[in-house]
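Worksheet: the structure to be examined is printed underneath.
The values are calculated or read from the model by the stated rules, or taken from the named source; none is laboratory data. Every value quoted in this text rests on a predicted model; they were computed, and no experiment measured them. Note that we place each Cβ from the backbone using ideal geometry, even for glycine, and neighbour counts take in every protein chain shown. We work out accessible area using only protein heavy atoms, side chains counted, and drop any ligands, DNA or RNA first. Shrake-Rupley method; radii C 1.70, N 1.55, O 1.52, S 1.80 Å.
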Amino acid sequence: MPLVWQEARITAAVPETPRVRRLTLAVGWGKPFRAGQHVDVRLTAPDGHQAQRSYSIASSPTRPETIDLLIERLADGEVSGFFADVAEPGDVIELRGPIGGAFVWDPAEGGPLLLVGGGSGVVPLLSMLRHRAEGAPDVPALLLTSARTPDDVIAREELMRRDAEEPNFQLRLVLTRVPGGRRIDADTVRAALAALGTPAHTFVCGSNPFVSAASDLLVEAGLPARTIRTERFGG
Amino acid sequence: MVTRGFTGRRPARPDAERLPPGQYLTEDFPVLQLGPTPKIDLARWRFTLREGAKPLKSWTWTEFEALPRTRWKGDIHCVTKWSKFDTAWEGVTFDDLLAAAGIEAPTAYLLAEGYDDYTTNVPVADLTGAKAMVATRYAGEPIPPDHGGPARLLVPHLYFWKSAKWVKGLRFTQKDEAGFWELHGYHMYGDPWREQRFTGD
């Protein structure tokens, strides 16, 4: 099936963290998306200049008529700056999707499920966690996520609530830019694996250096490479 | 459709002409791959040309490094929208591989196969005439593992997912068979100038 560009209306735009804004878009897809998939967006200036970017879907596939994108403002970001400063509810942008068939998880695949996200790399993992809570709450899952400071943790209150309320979900938060801060390292990976058990599926998402480091640590900890799927952003 | 309030940032004129539609220029070198970076022991590395299941010719790392070398400098374009200008590679052209094997391409299509079980399809006509190589050096150094070292396919005129990382061989096929990403909805050919990103583009 060809992926066609379609018009999508922004229905909400709210701050998620100081650097990340949550955009909700009404989409007219005829089929459901899968947790972990992304969309392409296309912006057009009055003189015809266009810019395209890819963004992961943060919301659950159980609510297919709208999607949430969590867009981090990048320094000098041509598209992220538009979404941070200009886009408002009622605006229409061009979008196509859902895209991606490898970095996806369905409740039928089961677990244990290990999710490792650096910064805004947690976004596609949030879609998986939300889908899991609704469709497969018995599947053991652990989210190991790294952020600069507590304020930079995307969906922090939701994640802490899930950690407290969902018996089969554990949150491991690593903060890098606080006193005594650290990065995900061999110890945090070992502790996460001890808490979860051997994962059947592992998803790692974040910047290039984050994903390289984290996936190497997971392989060194003994996980078979074929059970680990990665998604990187950067550039 | 004009996007309300979007003015955008145009690349400088010479850059604009080198950027395929929908792409933006990046200075660093993003990494995209399906899973962790495989650890490859050069002592056990092999590069094999096959026709179907039948091996046609195989090289060890030492033998491969002794093949004729070619340098190429130019622009690369990733389907995830970044383009990088003036990248410098060195390796063995597809033409030189066939010559060293003493064969002509037995079919019009092939699948590049990686040590990570990744595959991607490329027409043979897109590899001949010095258009493609199996690269072993980037910017004058061995290719870093994250970028596909010790060896990767380099087909710079197609989207970069066709330039399979950690390549271990090329398998000639009777017809144009979809590889990993093509089975997951990506375009069978992948011309950046025609924006062939996904099936149906």
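Computed values, structure above
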| read-out | value |
| --- | --- |
| Only listed residue being within 14 Å of another protein chain (Cβ to nearest Cβ) and either over 19 Å from the mean Cα position of the chain (by Cα) or open to solvent by less than 20 Å² (accessible area, probe 1.4 Å) (or both), chosen from B:ASP28, B:ASP41, B:ASP15 | B:ASP15 |
| Identity of the residue in region A:217-232, farther than 11 Å from A:LEU114 by Cβ and of a type in the set (A, V, I, L, M, F, W, C), that ends up farthest from the other protein chains (Cβ to nearest Cβ) | A:LEU217 |
| Filter result (of a type in the set (Gly, Ala, Ser), open to solvent by less than 30 Å² (accessible area, probe 1.4 Å) and either away from every other protein chain (no Cβ under 14 Å) or within 27 Å of A:ASP40 (Cα to Cα) (or both)) within region B:80-121 | B:SER83, B:GLY91, B:ALA101, B:ALA112 |
| Flag for B:ALA135 being in contact with a Ser or Thr (Cβ under 9 Å, 6 or more places away or on another chain) and on the phi > 0 side of the Ramachandran plot | no |
| Hey, A:LEU196 more than 14 Å from chain B (Cβ to nearest Cβ), of a type in the set (A, V, I, L, M, F, W, C) and within 19 Å of the chain's Cα centre (by Cα) or not | no |
| Meets criteria (outside any helix (DSSP H, G or I) and closer than 26 Å to A:THR198 by Cα) for A:LEU114 | yes |
| Helices (runs of 4 or more DSSP H) fully within region A:138-235 counting 2 or more residues that are outside the structural domain of A:GLY119 (by TED's automatic domain parsing), hydroxyl-bearing (Ser, Thr, Tyr) and surrounded by fewer than 22 Cβ atoms within 10 Å (Cβ to Cβ) | none |
| Criterion: in contact with a Pro (Cβ under 8 Å, 6 or more places away or on another chain), among the small types (Gly, Ala, Ser) and under 30 Å from B:HIS77 (Cβ atoms) - qualifying residue of A:ALA45, A:ALA35, A:ALA51, A:ALA8 | A:ALA35 |
| Segments classed as helices (runs of 4 or more DSSP H), wholly inside region B:10-112, with at least 1 members that are within 15 Å of B:ARG152 (Cα to Cα) | B:61-65, B:94-101 |
| Test result for A:ASP91, within 14 Å of chain B (Cβ to nearest Cβ) and out of contact with any strand residue (DSSP E or B) (no Cβ under 7 Å at 6 or more places or on another chain) | no |
| Residue within region A:79-95 that is open to solvent by 20 Å² or more (accessible area, probe 1.4 Å) and under 24 Å from B:PRO36 (Cβ atoms) present | no |
| Among the residues listed as B:THR37, B:THR62, the single one being among the β-branched types (Val, Ile, Thr) and at pLDDT 95 or above | B:THR62 |
| Hits in region B:183-201 (condition: more than 9 Å from chain A (Cβ to nearest Cβ), in a loop (DSSP other than H, G, I, E, B) and on the phi < 0 side of the Ramachandran plot) | B:HIS187, B:MET188, B:TYR189, B:ASP191, B:GLN196 |
| Filtered residues of region A:26-57 (kept if within 10 Å of chain B (Cβ to nearest Cβ), under 21 Å from A:VAL86 (Cβ atoms) and not hydrophobic (A, V, I, L, M, F, W, C)) | A:ASP40, A:ARG42, A:THR44, A:PRO46, A:ASP47, A:GLY48, A:HIS49, A:GLN50, A:GLN52, A:ARG53, A:SER54 |
| Subset of region A:1-25 (residues that are away from chain B (no Cβ under 13 Å) and open to solvent by 40 Å² or more (accessible area, probe 1.4 Å)) | A:THR11, A:VAL14, A:PRO15, A:GLU16, A:PRO18, A:ARG19, A:ARG22 |
| Residue list for region B:91-132, filter: touching a Pro at 6+ places or on another chain (Cβ under 9 Å) and of a type in the set (D, E, K, R) | B:ASP96, B:ASP116, B:LYS131 |
| Verdict on A:GLU94 being in contact (Cβ under 8 Å) with a residue 60 or more places away in the chain and charged (D, E, K, R) | yes |
| Matching residues, region A:34-77, being under 20 Å from A:GLY206 (Cα atoms), part of a loop (DSSP other than H, G, I, E, B) and open to solvent by less than 30 Å² (accessible area, probe 1.4 Å) | A:GLY36, A:GLN37, A:ALA58, A:SER59, A:SER60, A:GLY77 |
| Unique match (being among the hydroxyl-bearing types (Ser, Thr, Tyr), touching a residue at least 60 places away in the same chain (Cβ under 8 Å) and more than 14 Å from chain B (Cβ to nearest Cβ)) among A:SER146, A:SER207 | A:SER146 |
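Condition check ((1) within 18 Å of A:PRO124 (Cβ to Cβ); (2) basic (Lys, Arg); (3) touching a helix residue (DSSP H, G or I) at 6+ places or on another chain (Cβ under 9 Å); (4) outside the structural domain of A:PRO124 (by TED's automatic domain parsing)) across all residues:
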| position | (1), (2), (3), (4) |
| --- | --- |
| A:VAL14 | no, no, no, yes |
| A:GLN37 | yes, no, yes, yes |
| A:GLN52 | no, no, no, yes |
| A:TYR55 | yes, no, yes, yes |
| A:PRO61 | yes, no, yes, yes |
| A:THR66 | yes, no, no, yes |
| A:LEU70 | yes, no, yes, yes |
| A:GLY77 | no, no, yes, yes |
| A:ALA84 | no, no, no, yes |
